[in-house]
Amino acid sequence: MLPMLLRVKVRDESHNFGFYFPMVLIYLLFIPVIIIGTIVFTILLLIPDTARQARSYLQLVFALPTLLSASIGTEIAIQSDTQEMLIRIT
Amino acid sequence: MSEERMRILQMLAEGKLGVEDAEKLLQALDGKPREIETAKENRTLDMKGKYLFVQVDPKEGKSSERVSVKVPLALVKAGLNITKLIPTDAQEKIQSSMHDSGIPFNLSDIDPQNYEEIMEALEQMSIDVDTDESTVKVFCR
């Protein structure tokens, strides 16, 4: 399963806010890139000179969702005496 | 047919083994891969809740930031798995730029047999770096 929420929490002396950002919005932004990429890849696969090279990159592209889904649970927290920031992928 | 299986059948044909004993040995051989597979599945399940932590804590009286990074071990494994999917021409480019940066690391040295060893070593790894300013800890939990 792909990560669905990005938790962001920021706190300093005067502000304190946190929000959950739905990752679906980021994935939606990538739809045009995926469409254009698919068209470009198809063209590259049809050209005999580039087909072999394009096919080898195809496996890598298919493996990217695995990398994304494995990132669930990643957390980065930075704290100082006056400021605090937290990013968590869920 | 595996060499072990052939040897059992040969011993049965030569009369060195009884039918029952040969059957038991063959059954044990059949069970072996399943045991290995179960062990692998268990390891994957074990890894699911495990994380690689990097913590930077400032020394008392120092005002530097406290940093904590928590990365799932599954992400490390997925990253390792992806290295074998990188096309050879791209691997060569990565390798040469890594070499230029002073990192003599060969991506092709990581083969699937090494993955388990790397993951095992990572799980047991604990690095503590103590400086005047801060303490850096890298560990798995």
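Values as computed for the structure displayed
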| quantity | calculated |
| --- | --- |
| Yes/no for B:Glu60 being surrounded by fewer than 15 Cβ atoms within 10 Å (Cβ to Cβ), touching a residue at least 12 places away in the same chain (Cβ under 8 Å), of a type outside the set (Gly, Ala, Ser) and more than 8 Å from every other protein chain (Cβ to nearest Cβ) | no |
| Checking A:Leu6 against (1) in contact with a Phe, Trp or Tyr (Cβ under 6 Å, 6 or more places away or on another chain); (2) within 14 Å of chain B (Cβ to nearest Cβ); (3) not polar (S, T, N, Q), the condition it does not meet | (2) |
| Among (1) under 30 Å from B:Lys59 (Cα atoms); (2) surrounded by 14 or more Cβ atoms within 10 Å (Cβ to Cβ); (3) more than 7 Å from every other protein chain (Cβ to nearest Cβ), the one test that A:Gln83 misses | (2) |
| Near pairs, Cβ below 8 angstrom, 6+ apart or cross-chain, from the range B:105-116 (surrounded by 12 or more Cβ atoms within 10 Å (Cβ to Cβ)) to any residue that is among the basic types (Lys, Arg) | B:Ile110/B:Lys84; B:Tyr115/B:Lys77; B:Glu116/B:Arg43 |
| Inter-residue pairs, beta-carbon under 6 Å, first more than 7 Å from every other protein chain (Cβ to nearest Cβ) and in the range A:49-70, second at pLDDT below 85, 6+ apart | A:Ser69/A:Met1 |
| Given (1) of a type in the set (Val, Ile, Thr); (2) surrounded by fewer than 13 Cβ atoms within 10 Å (Cβ to Cβ); (3) closer than 30 Å to A:Met85 by Cα, number of the condition B:Val67 does not satisfy | (2) |
| Residue count for the range B:120-139, restricted to those that are of a type in the set (A, V, I, L, M) and in contact with a Ser or Thr (Cβ under 6 Å, 6 or more places away or on another chain) | 0 |
| Residue in the range B:47-62 that is modelled with pLDDT under 80, under 15 Å from the mean Cα position of the chain (by Cα) and in a helix (DSSP H, G or I) present | yes |
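The values are calculated or read from the model by the stated rules, or taken from the named source; none is laboratory data. Note that this is a predicted model, so its numbers are computed, not measured. No Cβ is skipped: glycine too gets one built from the backbone with ideal geometry, and neighbour counts run over all protein chains shown.
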